[in-house]
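Take a look at the structure below.
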Amino acid sequence: MRKIIIPPIKCQGIKSKLADWILEFVELQKGERWIEPFMGSGVVGFTLQPEKALFCDINPHLINFYNSIKKGEITSKIAREFLEKEGSLLKEKSESHYYFIRERFNETKNSLDFLFLNRACFNGVIRFNRKGFFNVPFGHKPERFAKAYVTKICNQIEKVEKATQTFDWQFVCQDFRQSILQSNQNDWIYCDPPYFGRHTDYFNCWTETEELDLFDLLAKTKSKFILSTWHSNQYRNNSEIEKYLANFEIVTKEHFYHVGATELNRNTMIEALVINFPKLKPQSAKVLYQSQLFI
Ligand SMILES: C[S@@+](CC[C@H](N)C(=O)[O-])C[C@H]1O[C@@H](n2cnc3c(N)ncnc32)[C@H](O)[C@@H]1O
C-alpha cells in the first residue's frame with residue numbers, strides 16, 4: 001500500500017481514499033510527464049511524486065497557493081506563524097473572525113487566507129458564488145487551529161515544498177481543454193472532472209458541452225489517460241459511459257461517500273476508471289483487485 005500524501009488544501013471529490021487504487025494503473029517511465037487538468041487538491045499526483053508534472057485547474061486560488069509554495073512565498077514556517085496568529089483570533093472571536101478573513105480573502109485573494117478558510121469552513125469544501133466570491137459558511141470550530149492541527153497542516157505544506165524543490169512541477173491556471181491539447185505521447189493524463197449532474201458553482205460549471213469536449217479530446221489524445229468518473233449507484237447507471245466511453249477499458253470499485261446532501265454524494269457509489277491503455281495482466285489484476293468488479 002502506497003503512502004498517500006495528503007495535501008494542505010482539501011476539496012470536494014478529493015481522491016485520497018482512491019489514490020492508491022488509481023495509481024496501481026500507473027507506471028511512469030523515465031522522462032514521462034504527469035498531467036492533471038483538474039488538480040483539485042492534487043492528492044493523486046502528489047502521492048505519485050513524478051519527476052515532471054503539469055498540475056492545472058480553472059480555480060486560480062488553488063494554483064496561486066501552490067505557486068506561492070513553489071516560489072518560497074509560503075513555507076511551512078510562514079504558514080505556522082500565520083495560522084497560529086489567526087487561529088488564536090478565531091478562538092477568541094469565533095465566527096466573526098472567520099467572516100472577517102472571508103471578506104478579506106474576497107478582496108485581496110491572499111493564499112494564506114484561502115488556506116485558513118479551507119481548513120476552518122464547513123466540511124472543507126471550496127465553493128464560490130456567481131460573482132466569484134468564496135461563500136462557504138463557518139465550520140463552527142473556533143478551536144480549529146490547535147497546535148497539533150497547525151503542525152499537521154504545516155507538515156503537509158512542507159511535503160509539497162520539498163517536492164517542488166526536487167521535481168519539475170508546473171502549476172497552471174487554465175481550462176482542461178488547453179491542458180489536454182498541450183499533451184503528447186510521453187504524457188500520462190489523469191482527469192478527474194466535476195461529475196456531470198452534480199452541484200455546480202463559479203469554478204465548476206460542468207455542462208454537456210464540457211463533458212463532450214472532454215470525451216472528444218481524450219478519444220483523440222496520443223497520451224495515456226485515466227479518467228475518473230462514476231459508474232453507478234443504487235439508483236442509476238452513468239449513461240455517459242455507455243454512450244461515449246464504451247471503446248475504452250473500464251475498471252470499477254465500490255466507494256462510500258460521506259459528504260454531501262444530494263443523492264449522488266451520500267450513497268455507496270461504484271467509481272469507474274476509464275483507461276486507454278492495456279491494464280495490468282488479468283492474472284495479477286485478479287489478485288490485486290479481487291474486491292472490484294471488472295466490466
Ligand atoms: C473533482 S475535482 C478534482 C479532485 C482532485 N482529483 C482531488 O483528488 O482532489 C474537479 C476540479 O476540476 C476543476 N475544474 C472545473 N472545471 C474545470 C475546467 N473547465 N478546466 C479545468 N479545471 C476545472 C475544479 O476547480 C475542481 O478543482
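Listed values, structure above:
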| read-out | value |
| --- | --- |
| Tally, over the stretch 11-22, of residues that are of a type in the set (D, E, K, R) and surrounded by 19 or more Cβ atoms within 10 Å (Cβ to Cβ) | 1 |
| Answer residue from the stretch 68-88, given it is assigned to a helix (DSSP H, G or I) and open to solvent by 40 Å² or more (accessible area, probe 1.4 Å) and is farthest from A120 (Cα to Cα) among those | K70 |
| Residue in the stretch 208-227 that is polar (S, T, N, Q), open to solvent by 50 Å² or more (accessible area, probe 1.4 Å) and either in contact (Cβ under 8 Å) with a residue 60 or more places away in the chain or touching a Gly at 6+ places or on another chain (Cβ under 8 Å) (or both) present | no |
| Residue within the stretch 167-179 that is at pLDDT below 95 and either assigned to a helix (DSSP H, G or I) or buried (at least 17 other Cβ atoms within 10 Å of the Cβ) (or both) present | no |
| Residue list for the stretch 23-45, restricted to those being open to solvent by less than 10 Å² (accessible area, probe 1.4 Å) and more than 9 Å from the ligand (Cβ to nearest atom) | L23, W34, I35 |
| Scope the stretch 120-154; condition part of a helix (DSSP H, G or I), buried (at least 17 other Cβ atoms within 10 Å of the Cβ) and within 15 Å of the ligand (Cβ to nearest atom); matching residues | G124 |
| Number of the condition not met by E271 [criteria: (1) of a type in the set (D, E); (2) part of a strand (DSSP E or B); (3) modelled with pLDDT under 90] | (3) |
| Pick from the stretch 180-203, criterion among the hydrophobic types (A, V, I, L, M, F, W, C) and within 9 Å of the ligand (Cβ to nearest atom), ranking: most open to solvent (accessible area, probe 1.4 Å) | F203 |
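The values are calculated or read from the model by the stated rules, or taken from the named source; none is laboratory data. In this text, all values refer to a predicted model and were calculated from it rather than measured experimentally. Cβ atoms come from the backbone with ideal geometry, glycine included; neighbour counts cover every protein chain shown. Side chains included, ligands, DNA and RNA excluded: accessible areas come from the protein's heavy atoms. Shrake-Rupley method; radii C 1.70, N 1.55, O 1.52, S 1.80 Å.
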